[in-house]
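Quick notes on the structure that follows.
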Amino acid sequence: MSRRICVALYNEIVALRPDWHSDDDNAGAIKIVMTGSASDPADWQRHIGNKARRDLIAKRAKDPDDPLKLVIVRDMWLTGFDAPSMHTMYIDKPMQGHGLMQAIARVNRVFRDKPAGLVVDYIGIAQSLKNALGQYSESDRRQAGIDEAEAVAEMLKRYEIVQDHFHGFDYSQALKGEPSDRLRTLAAAMNWILERQHAAATKEADEEARKTALWRYQDDVLALSKAFALAAA
């Protein structure tokens, strides 16, 4: 994530949650931690500050009772930063090896009633994580890694959800038929899904629920794809 994107993301979030913003570094629910200089654009300056500002935000992030909810970090806090109360990390840059393990460990600390952390992967780091875990002990893997049995179980659960969309539809020819049979079955399957999603959407009262109904199959397939990638890593 570039510094420009950091600022743009901040602005988008604040537009949705205006009460999260504060010009005071001691207040506000969202902050950016990044380096910069006086030559950077004017609207970046309030996010740059100096080391004292970064240390203040780090101190706030470590305090579980502080109202700070989200910190957008640009190439910082990967080493020497320990905040057991942090529970979610959003990753949007390629990482590997020791650096990746350190990043995962930032949120995967037990704290009070928090059993583990959540890593939201926007870039696809599952294989890199598995490779990195191979360099560590079994206890380290349990601390920061993927439980393969759980990953497979999640994939099978997602598979059953997708399969349920085709309940009542005969797709056997897609599995054992000739190429022409498979193409016809694929077209019929697409119509099957579209018709049922449309029927489900017409039963909903509000626009958001209709949109959810129209995209339910696609969303379930996406969830299955992610679960498969994790299980296969």
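The values are calculated or read from the model by the stated rules, or taken from the named source; none is laboratory data. Predicted model, so just to flag it, every value in this text is computed and none were measured. Cβ sites come from the backbone with ideal geometry, for glycine too, and all protein chains shown count toward neighbours.
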**OP:** Any residue in the range 79-100 that's among the hydroxyl-bearing types (Ser, Thr, Tyr) and at pLDDT 80 or above: show its pairings with residues that are loosely packed, with under 13 Cβ neighbours inside 10 Å and not in a loop (DSSP other than H, G, I, E, B) at Cβ separation under 9 Å, as long as the two are six or more apart or on different chains.
**Re:** Thr88/Leu118; Thr88/Val120; Tyr90/Val120
Original post:
Name the residues in the range 91-110 that are more than 17 Å from Arg74 (Cα to Cα) and surrounded by 13 or more Cβ atoms within 10 Å (Cβ to Cβ), would you?
Top reply: His98, Met101, Ala105, Asn108, Arg109
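Can you tell me which residue is farthest from Asp113 (Cα to Cα) among those in the range 76-100 that are among the aliphatic types (A, V, I, L, M) and in a loop (DSSP other than H, G, I, E, B)?
Keep residues of the range 76-100 that are among the aliphatic types (A, V, I, L, M), which gives 76, 78, 83, 86, 89, 91, 95, 100.
So of that shortlist, the ones also in a loop (DSSP other than H, G, I, E, B) come out as 76, 78, 83, 86, 95.
Details: Met76: 27, Leu78: 24, Ala83: 15, Met86: 12, Met95: 29 Å.
Going through the qualifying residues, I end up with Met95.
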**OP:** Show the residue pairs that are 6+ apart or on different chains and have beta-carbon atoms under 8 Å apart, the first residue being within the range 101-117 and closer than 15 Å to Lys62 by Cβ, the second being in a helix (DSSP H, G or I).
**Re:** Ala105/Gln143; Ala105/Ala144; Gly117/Ile104
Subject >> Condition check for Ser22: of a type in the set (S, T, N, Q) and either under 26 Å from the mean Cα position of the chain (by Cα) or not assigned by TED's automatic domain parsing to the domain that holds Met95 (or both) >> reply: yes
**OP:** Among the residues of the range 111-121, count how many are under 18 Å from the mean Cα position of the chain (by Cα), surrounded by 13 or more Cβ atoms within 10 Å (Cβ to Cβ) and at pLDDT 80 or above.
**Re:** 2
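Results for (1) of a type in the set (A, V, I, L, M, F, W, C); (2) touching a residue at least 60 places away in the same chain (Cβ under 8 Å); (3) closer than 18 Å to Met76 by Cα, shown as yes or no for each residue.
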position	(1), (2), (3)
Val7	yes, no, yes
Trp20	yes, no, no
Trp44	yes, no, yes
His47	no, no, yes
Original post:
Looking at (1) surrounded by 15 or more Cβ atoms within 10 Å (Cβ to Cβ); (2) within 20 Å of the chain's Cα centre (by Cα), which is the only condition Gly124 fails?
Top reply: (1)
**OP:** Can you run down the residue pairs with Cβ atoms below 6 Å, 6 or more apart or on separate chains, where the first is in the range 161-187 and in the same structural domain as Arg216 (by TED's automatic domain parsing) and the partner is part of a loop (DSSP other than H, G, I, E, B) and surrounded by 15 or more Cβ atoms within 10 Å (Cβ to Cβ)?
**Re:** Thr185/Tyr171
